[in-house]
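Working notes for the structure below.
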Amino acid sequence: MLSEAHADNKAAFMAKAPALLAKYLREDWRVRALGLLERYVDMQEALTSMQPPAPGDPAQLRRALQAREEMRRRYFAPEEIEGLFGDQIRQDNFMADKLEALANTALTPEQRTAALVRSEQAWLSPEQREVRKEAVAHADVMQQTAALEARGASPQERFAARSEAYGYEVARNLAALDQENQDWNARLDRYAGASEAEQAQLRETLFNETERLRLSGALAMRSAAARKPAPPGGQ
């Protein structure tokens, strides 16, 4: 509702709030919802005065989370805090645990991994753990793909490495994605190397409607990459 109201201050938002609530909630819920909205806006305004923690500092992050929790208790009842902020609170606490584990030089890699697993189990719901698992797996796949490209691995080598790491089905899907990317880049090469008159025709014949929307951005990224200075030694 805050986004839909397009209001730049509390008074303007609260003037629009009753009509917005009427769109989404039945009448006997609107009085409490209006109170929740007003208290939420008041809390958000109060939070702007809080100093954000320094990036990567687990002690500052922990203090900031405690201060934020105290602020929430000023405006909301416990069940309201859980309903409005419960998932975010658990994610924040997991992040604080993670930073503390990563910053603790006394831990061995195995102990650090075990601490993170315990923290996941303590703070994250099964749904949140699944989302995190997928995100971490995606990052691992991207890192592996970058390493394979850097050494010029053949399609067969890519498939073998991916199958070993992620299984046959994932390797097959990534191979299909490689082929799609190869095809896309080949069409970009043909388009970029054509004359202006030829490009007008190629735009219609080489690319579908969705791809045409991506075309100018893809060419701009290519141009920026070509202008990027080479690292020392020409590597």
| query | Quick check, is residue 3 outside any loop (DSSP other than H, G, I, E, B), open to solvent by 90 Å² or more (accessible area, probe 1.4 Å) and hydroxyl-bearing (Ser, Thr, Tyr)? | reply | yes
Residue 85 meets each of (1) under 26 Å from residue 47 (Cβ atoms); (2) open to solvent by 60 Å² or more (accessible area, probe 1.4 Å); (3) not basic (Lys, Arg) with one exception, condition (2)
If we ask which residues in the stretch 72-82 are open to solvent by less than 40 Å² (accessible area, probe 1.4 Å), in a helix (DSSP H, G or I) and out of contact with any helix residue (DSSP H, G or I) (no Cβ under 6 Å at 6 or more places or on another chain), their number turns out to be 1
Restricting attention to the stretch 69-127, the residues that are aromatic (Phe, Trp, Tyr) and in contact with a Phe, Trp or Tyr (Cβ under 6 Å, 6 or more places away or on another chain) number exactly 2
Subject >> Selection status of residue 26, modelled with pLDDT of 90 or more, in contact with a helix residue (DSSP H, G or I) (Cβ under 7 Å, 6 or more places away or on another chain) and open to solvent by 40 Å² or more (accessible area, probe 1.4 Å) >> reply: no
* May I ask you to verify whether residue 15 is assigned to a helix (DSSP H, G or I), open to solvent by 70 Å² or more (accessible area, probe 1.4 Å), at pLDDT 90 or above and not basic (Lys, Arg)? => yes
Every listed condition ((1) within 29 Å of the chain's Cα centre (by Cα); (2) open to solvent by less than 60 Å² (accessible area, probe 1.4 Å)) holds for residue 35 save (1)
Residue hits (the stretch 173-203; in contact with a helix residue (DSSP H, G or I) (Cβ under 8 Å, 6 or more places away or on another chain) and not aromatic (Phe, Trp, Tyr)) are 174, 175, 178, 187, 188, 190, 192, 194, 199, 202, 203
Open item on the list: Scan the stretch 37-50 and tell me whether some residue there is part of a loop (DSSP other than H, G, I, E, B), within 16 Å of residue 9 (Cβ to Cβ) and not basic (Lys, Arg).
Closed with: yes
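The values are calculated or read from the model by the stated rules, or taken from the named source; none is laboratory data. Quantities reported herein were computed from a predicted structural model and do not represent experimental measurements. As a convention, Cβ positions derive from the backbone with ideal geometry for all residues, glycine included, and neighbour counts pool all protein chains shown. SASA here: full protein model, heavy atoms, side chains in, ligands and nucleic acids out. Shrake-Rupley method; radii C 1.70, N 1.55, O 1.52, S 1.80 Å.
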